[in-house]
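Asker: Let me give you the structure first, and then I'll get to my questions.
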Amino acid sequence: MNEIVFFLNKGITSGLIIGSIYALGAIGVTLIFGILRFAHFAHGDMMTLGAFVTLILTAALAALGITLPVPLAFIAMFPAMAITAVMAIGLDKVFYKPLRQAGARPVVLVMASVGVTLMLQGVIRLFAGVRSRDMFIEAPKEIFRIPFPGATRPLIVTEPQALLIVFTIVAVVVLHWFLTRSRLGKAMRAVSDNPELARITGINTNHVVWATWIIGGALACAAGTMLSMDVTLKPDLSFNILLPIFAATIVGGIGQPYGAIAGGFLVGFCETLAVFNWAILLRPIKDQLWFEVPRNLALVPTEYKLMVPFLILIIVLIYRPTGIFKGRVL
């Protein structure tokens, strides 16, 4: 019984944490695809860039001697989200908008996003180097041990993980209100459904494009910052995160923000269950089994967990390419 309770604690918590990161990143990818009709491969590096902006602002707050009940990195994340959103608009204005005005095909924009990816990686390494950094400058992160009925071991949740779950819930609620209640959100849905008809009816498509990049850039910064707070900040932060984000986007349905959220949590839970040591559940009944229970019975070794979203991506593309939400656009 204790092992089952521990499995539920560990599995649900890890799935929520990983799924929240994937969902925040996938929302930006699916919005950009829904509005601008191309896959933005530089989105992962926008997450890394936003995290480094947060680190700079956190160091500035720490240098001023500011102390707060919550981590400084979490407070610095909000102005960093605004700065990253402005940078995202700048990237669009310099690299993508001229191609759209020239009538370039979506595949050309995709190739341009690959070039932007390489550029951002080079800029980050040029100014930040290649070493890892800790987002907790002023004090180490707190660890909460929550007792759980029926379990001998407590549920362990770190401070950034708790903040991540709360932030994701608030972000999803605000995004839902924005897309369904605000005038600009309704305009984004109209442009995503039929750009030409939306333009004829008088919708300012430039405002819609700006809103898309603002939301995508801000959430990318939040995802990169929260991930860096939970683990560590590295220049190659986006290397292992980009594939799961695109897998979540396609699983949920390309161009569907609610699908991106569902796909993010689905991929996160699948990845968690794949690397979980299932031998823990078999140990109480090992004497009744006809085989010896190995010490590690994970479906996939931890170092190969990236193959889980890749496998999910292949299965979805073969059997249900429209995703959970049938590829409906917004």
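The values are calculated or read from the model by the stated rules, or taken from the named source; none is laboratory data. In this text, all values refer to a predicted model and were calculated from it rather than measured experimentally. So basically every Cβ, Gly included, is an ideal-geometry build from the backbone, and we count neighbours across all protein chains shown. Protein only, heavy atoms only, side chains kept; ligands, DNA and RNA dropped before computing areas. Shrake-Rupley method; radii C 1.70, N 1.55, O 1.52, S 1.80 Å.
Asker: Can you find, among V251, L16, T205, the residue farthest towards the positive end of the dipole of the chain? Put +1 on the C-beta of Lys and Arg, -1 on that of Asp and Glu.
Answerer: Result: T205.
Asker: Specify which residue in the list A262, L184, P294 is farthest towards the positive end of the charge dipole of region 154-298, using unit charges on the beta carbon of Lys, Arg (+1) and Asp, Glu (-1), about the Cα centre.
Answerer: Projecting each Cα onto the dipole axis, the largest value belongs to L184.
Asker: A further question on this structure: From the Cα gyration tensor of region 128-225, with a ≥ b ≥ c the square roots of its eigenvalues, which class applies: rounded if a/c is under 1.5, or else prolate if a/b is larger than b/c, or else oblate?
Answerer: Cα axes put region 128-225 in the oblate bin.
Asker: Which value at 222 nm does the chain reach when only helices count, each DSSP H run of 4 or more adding -39,500 (n - 2.57), with the total divided by all residues and rounded to the nearest 500 deg cm²/dmol? All intermediate terms of the calculation are to be shown ahead of the outcome.
Answerer: Working: 13 runs with 217 residues, N = 330.
Taking each H run of at least 4 residues, the total per residue is -22000 deg cm²/dmol.
Asker: Mind pulling the angle between the C-alpha long axis of helix 205-230 and the longest principal axis of the chain? Nearest 10 degrees, somewhere in 0 to 90.
Answerer: In the chain, helix 205-230 runs at an angle near 20 degrees to the longest axis.
Asker: L99 versus L311, label points 7 Å from Cα toward the beta carbon: distance in nm?
Answerer: Taking the two extended label points, one gets 3.4 nm.
Asker: What is the dipole size for the chain, taken about its Cα centre, with +1 at each Lys and Arg Cβ and -1 at each Asp and Glu Cβ, in debye to the nearest 20? Don't skip to the answer; put the middle values down first.
Answerer: Values: 25 positive and 15 negative charges, 158 e Å.
Dipole magnitude for the chain comes out near 760 debye.
Asker: Using only alpha-carbon positions, what ratio does the radius of gyration of region 25-77 give when scaled by 2.2 N^0.38 Å?
Answerer: Compared with the compact-globule rule of thumb, region 25-77 sits at 1.53.
Asker: Can you give the accessible area of W210 in Å² (nearest 10), computed on protein heavy atoms with a 1.4 Å probe?
Answerer: It works out to around 120 Å².
Asker: Have a look at Y96, Y258, Y319 and tell me which one the Gaussian network model of the chain (Cα, springs below 10 Å) gives the largest fluctuation.
Answerer: Y319
Asker: Specify the residue with the greatest mean-square fluctuation among E292, E142, E159, computed from a Gaussian network of the chain linking alpha-carbon atoms under 10 Å apart.
Answerer: Top of the fluctuation ranking is E292.
Asker: Turning to a different aspect of this structure: What angle do you read, to the nearest 10 degrees and between 0 and 90, between the alpha-carbon axis of helix 159-181 and the longest principal axis of the chain?
Answerer: Value to nearest ten degrees: 40.
Asker: Amide H to amide H, which residues 5 or more places from T158 or on other chains are under 5 Å from it, using H placed in the peptide plane?
Answerer: Excluding prolines and chain starts, which carry no amide H, the hits are F144.
Asker: Ordering L16, L219 by how much accessible area each has at a 1.4 Å probe, largest first, what is the list? Show your work: numbers first, answer last.
Answerer: On the way: L16 60, L219 20 Å².
Greatest to least solvent exposure: L16, L219.
Asker: Something else now. Specify whether the C-alpha gyration tensor of region 176-307 places it in the rounded, prolate or oblate class, a ≥ b ≥ c being the square roots of the eigenvalues: rounded for a/c under 1.5, otherwise prolate if a/b is larger than b/c and oblate if not.
Answerer: Numbers: a/c = 3.78, a/b = 2.52, b/c = 1.50.
Note, shape of region 176-307 comes out prolate.
Asker: Turning to a different aspect of this structure: How high is the relative contact order of the chain? Use alpha-carbon pairs under 8 Å, at least six apart in sequence, and give a whole percent. Let's see the in-between values first.
Answerer: Working: 527 pairs, mean separation 109.2, N = 330.
For the chain, the relative contact order is 33 percent.
Asker: Something else about it: Output wanted: per-residue J couplings in Hz (rounded whole) for region 32-40, from phi through Karplus 6.51 cos²θ - 1.76 cosθ + 1.60, θ = phi - 60°, x for Gly and Pro.
Answerer: Karplus values, whole Hz, x for Gly and Pro: 4, 5, x, 8, 9, 6, 8, 7, 8.
Asker: Order the peptides 128-138, 73-83 from the highest to the lowest mean number of other Cβ atoms within 10 Å of their residues.
Answerer: Values: 128-138: 14.6, 73-83: 20.5.
In decreasing order of mean packing, 128-138, 73-83 become 73-83, 128-138.
Asker: Could you give the accessible area per residue of the chain, probe 1.4 Å, as a whole number in Å²?
Answerer: On the way: 16510 Å² over 330 residues.
It amounts to 50 Å² per residue over the chain.
Asker: How large, in percent, is the carbon and sulfur part of the accessible surface of the chain at a probe radius of 1.4 Å? Kindly include the intermediate steps, with their values, before the conclusion.
Answerer: Numbers: 11380 of 16510 Å².
The C+S portion of the solvent-accessible surface of the chain is 69 percent.
Asker: Please say if region 19-146 is rounded, prolate or oblate, where rounded means a/c under 1.5 for a ≥ b ≥ c the square roots of the C-alpha gyration tensor eigenvalues, and otherwise the choice is prolate for a/b larger than b/c and oblate otherwise? Please list the in-between numbers first.
Answerer: Details: a/c = 2.50, a/b = 2.00, b/c = 1.25.
Because a/c hits 1.5 or more and a/b exceeds b/c, region 19-146 counts as prolate.
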